[in-house]
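Novice: I am attaching a structure below and will ask some questions about it afterwards.
The values are calculated or read from the model by the stated rules, or taken from the named source; none is laboratory data. These numbers come from a predicted model, not from an experiment. Here Cβ is always computed from backbone atoms with ideal geometry, including for glycine, and neighbour counts include all displayed protein chains. The accessibility values were calculated without ligands, DNA or RNA, using every heavy atom of the protein model including side chains. Shrake-Rupley method; radii C 1.70, N 1.55, O 1.52, S 1.80 Å.
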Amino acid sequence: MLCGGRKFPKWGWIMTSLSNWQVPRSNCVTKTFSSSSAWMRRRTIQYLVLLFVGAVATHLYFFSSDGIDPSYIPDWLQEDETPEAVSKGRLLADAPKRNAVVAAFKHAWSAYERDAMGSDEYHPISHQGKNLSHTGGIGYTIVDAIDTMLLMDLKEEYSRAAEWVRTSLRFDRDGHSRCFNTFETTIRVLGGLLSAHHLTSDPMYLHHAVDLADRMLPAFDTTSGLPMTSIDLEQRKGIADVYISTAEATTLQLEFRDLAQLTGNEIYWHKAEKVMAVVEKARLPSNLAPISMSANDGTYLLSDIRLGSRGDSYYEYLLKQYLQTVRTEPVYLKMYEDAMQGIHDHLVHKTPKHKLTYLAELHPRGPNWQTTWDVEPKQDHLVCFLAGSLMLGATTAGALPNTKVSVPPQMSELTKAGRRDWETGVALLEGCMATHQTATGLSPEIAQFRPGPGSLPDRDWHIKGWRAGGSAPYDARYMLRPETIESLFLAWRLTGNPKYRAYAWGIFQGIELHARLPGGGYATVLDVDTVPTKLDDKQETFYLSETLKYLFLTFADEDVISLDEYVFNTEAHPLPIFRPSSIQPLFTL
Ligand SMILES: *[C@@H]1O[C@H](CO)[C@@H](O)[C@H](O)[C@H]1NC(C)=O
């Protein structure tokens, strides 16, 4: 294999075969056993095993320090006083906690710089870098991290990263083996370059952004106008696939529109907006978007509906396209409002016991669209972005006309849909926080929202695939993802309620205690419910660009990237809100 890293680092595990979407699935709601005494025996054994595992875990937790680095005593354990958070209606920085996040960034970045500078991906346990293409890197980690350094005011780190961009960044890399995913390259590298340009005004970044985008434009040369999944940057050729993930096709727009605005070159805008016209034309009566589309004819393929992987940022970018252009494009407002209605009609659920709000998935059961859909109470960690997105949407798209929405919003300032979205966002965030009630305080990749085995008996959710006494399932991992923290950041900014800072701080503590490598860097936790933790040899680039940036912003002054002036792309790269100059809409509803 020529490609160095995994093809789709953020979503790789979910890339199912095409045949998969036709297979009927059981709805997994109940399991029955042949007789009740067999059931009792099984239950008893399960409980005994559970008790044993619980005892061992508790022992390890309390008697072996944090399991990774017994000598490490984080600075923040000493700095306990919390400064005043809000003064005269302004949200103030919490400097000690903000500085602790900056120290974490330095710990993560310096290890990468020492072991793997210039490589796209970083393996912090084996101290190695890896490139997506065998012919060299495209700045996947460096470009993704630059704006975080700028916001944190890390001058020395920034100057070395900028020097690398000046001397070494190149996009003429051989990618004919699908090394470069159109979506991932856009959100991480193009998005990173654009933000770096906006924050520094250095033309070097814009120059690289134009070069990269021009190499990517051929990805849009399909019959439908939906982009191809992968791109060969050296040959400037898209690599065709039978299908494309809906989120991959619809999460390029903020970046290409920003570049069009910066350069005056409308081709970037039109290619990206055409995708939205295709998606709008394919709209289903439910207003929900199945996760796969046909790149040839631009229609949905019969596939799962979810707000998790491959669906998530379609919904995110509907709202953000509307916000990006100072709310001047009603077409995105309407698409967003209809989609949020669909989500409330079909996906929002509560658990019976603790009334935790979560989003279910819909899985098609038959071979065609006249099918029944199984409701699966399964939620990816990725879904947690939606909590903050709903709150942001409620206070913007859901504000009454000519109303300045307060912090926190008064319900009298919002439309009916705005009030509904606000309430769901707040409740979903609590549901997401419930998935952090684990041995590590970190949440797993996938939670099933019904009672099941696990280390804490009172949870009415469990980790997908978890078996008492068994080895940890794949989805028990925490790969340093940002989504809950991103929502906590938005919730903090929109309410000023210190509860959200406390939640974010708790997650940060979990990361410091359970994912931090003493020798430098942070790694994926393999099982959030077992301490001491075992780690996987990967520090994802989004840890630097998203997780630590949103943590930093949660504890920074509210003037650092004001929500009135910026939208964040889905990789947490801030892009300025602007009034479009000359560009005419390609489609209306
Ligand atoms: C990846 O490519 C960069 C050049 O862009 C190079 O500096 C680095 O050493 C390469 N990494 C590996 C592991 O080959």
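Every residue, every condition in (1) within 23 Å of Asp559 (Cβ to Cβ); (2) within 11 Å of the ligand (Cβ to nearest atom); (3) open to solvent by 10 Å² or more (accessible area, probe 1.4 Å), yes or no:
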| position | (1), (2), (3) |
| --- | --- |
| Phe105 | yes, no, no |
| Ser133 | no, yes, no |
| Met149 | yes, no, no |
| Trp164 | no, yes, yes |
| Ser168 | no, yes, yes |
| Asp174 | no, no, yes |
| Cys179 | no, no, no |
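Novice: A further question follows. Say whether the condition of being among the small types (Gly, Ala, Ser), buried (at least 19 other Cβ atoms within 10 Å of the Cβ) and away from the ligand (no atom under 16 Å from the Cβ) is met by at least one residue in segment 198-209.
Specialist: The answer is yes; a qualifying residue exists.
Novice: Among the residues of segment 135-147, write down those that are out of contact with any strand residue (DSSP E or B) (no Cβ under 9 Å at 6 or more places or on another chain) and near the ligand (Cβ under 10 Å from one of its atoms).
Specialist: Result: Thr135, Gly136, Gly139, Ile142.
Novice: In segment 152-176, how many are of a type in the set (Val, Ile, Thr) and either in contact with an Asp or Glu (Cβ under 7 Å, 6 or more places away or on another chain) or in a loop (DSSP other than H, G, I, E, B) (or both)?
Specialist: Here the count works out to 0.
Novice: Also, quick follow-up: Tell me which residues, restricted to segment 394-412, are without any contact (Cβ under 8 Å) to a residue 40 or more places away in the chain and touching a Lys or Arg at 6+ places or on another chain (Cβ under 8 Å).
Specialist: Ala394, Gly398, Met411
Novice: Go over the candidates Ile239, Ile244, Ile305 one by one and state the one that is buried (at least 21 other Cβ atoms within 10 Å of the Cβ), more than 21 Å from Tyr332 (Cα to Cα) and touching a residue at least 24 places away in the same chain (Cβ under 8 Å).
Specialist: Exactly one of Ile239, Ile244, Ile305 is buried (at least 21 other Cβ atoms within 10 Å of the Cβ), more than 21 Å from Tyr332 (Cα to Cα) and touching a residue at least 24 places away in the same chain (Cβ under 8 Å), namely Ile244.
Novice: Could you tell me whether segment 264-278 includes any residue that is touching a Ser or Thr at 6+ places or on another chain (Cβ under 6 Å), closer than 28 Å to Arg365 by Cα and in a loop (DSSP other than H, G, I, E, B)?
Specialist: Within segment 264-278 (the criterion being touching a Ser or Thr at 6+ places or on another chain (Cβ under 6 Å), closer than 28 Å to Arg365 by Cα and in a loop (DSSP other than H, G, I, E, B)), the answer is no, since none of the residues qualifies.
Novice: Now for a separate question. Out of Ile142, Ile187, I need the residue that is at pLDDT 95 or above, more than 19 Å from Asp258 (Cα to Cα) and surrounded by 24 or more Cβ atoms within 10 Å (Cβ to Cβ). Which one?
Specialist: Exactly one residue qualifies, and that residue is Ile142.
Novice: A further question follows. Exactly one condition in (1) within 11 Å of the ligand (Cβ to nearest atom); (2) free of Cβ contacts under 8 Å to residues at least 24 places away in the same chain is not met by Glu156; state its number.
Specialist: Tallying (1) within 11 Å of the ligand (Cβ to nearest atom); (2) free of Cβ contacts under 8 Å to residues at least 24 places away in the same chain, Glu156 fails exactly one: (1).
Novice: Shifting gears a bit: Which one of the conditions (1) of a type outside the set (A, V, I, L, M); (2) part of a loop (DSSP other than H, G, I, E, B); (3) open to solvent by less than 40 Å² (accessible area, probe 1.4 Å) does Tyr550 fail to meet, given that it meets all the rest?
Specialist: (2)
Novice: Separate question: Which number in (1) open to solvent by less than 10 Å² (accessible area, probe 1.4 Å); (2) closer than 25 Å to Tyr315 by Cα; (3) among the hydrophobic types (A, V, I, L, M, F, W, C) marks the one condition that Ile577 misses?
Specialist: Only one criterion is unmet by Ile577, namely (1).
Novice: Could you check segment 109-131 and list, in sequence order, the residues that are more than 8 Å from the ligand (Cβ to nearest atom), part of a helix (DSSP H, G or I) and of a type in the set (A, V, I, L, M, F, W, C)?
Specialist: Trp109, Ala111, listed by residue number.
Novice: Filtering segment 349-378 down to residues that are under 20 Å from His462 (Cα atoms) and in contact with a Leu (Cβ under 6 Å, 6 or more places away or on another chain), which residue is surrounded by the most Cβ atoms within 10 Å (Cβ to Cβ)?
Specialist: Of everything passing the filter in segment 349-378, Leu359 is surrounded by the most Cβ atoms within 10 Å (Cβ to Cβ).
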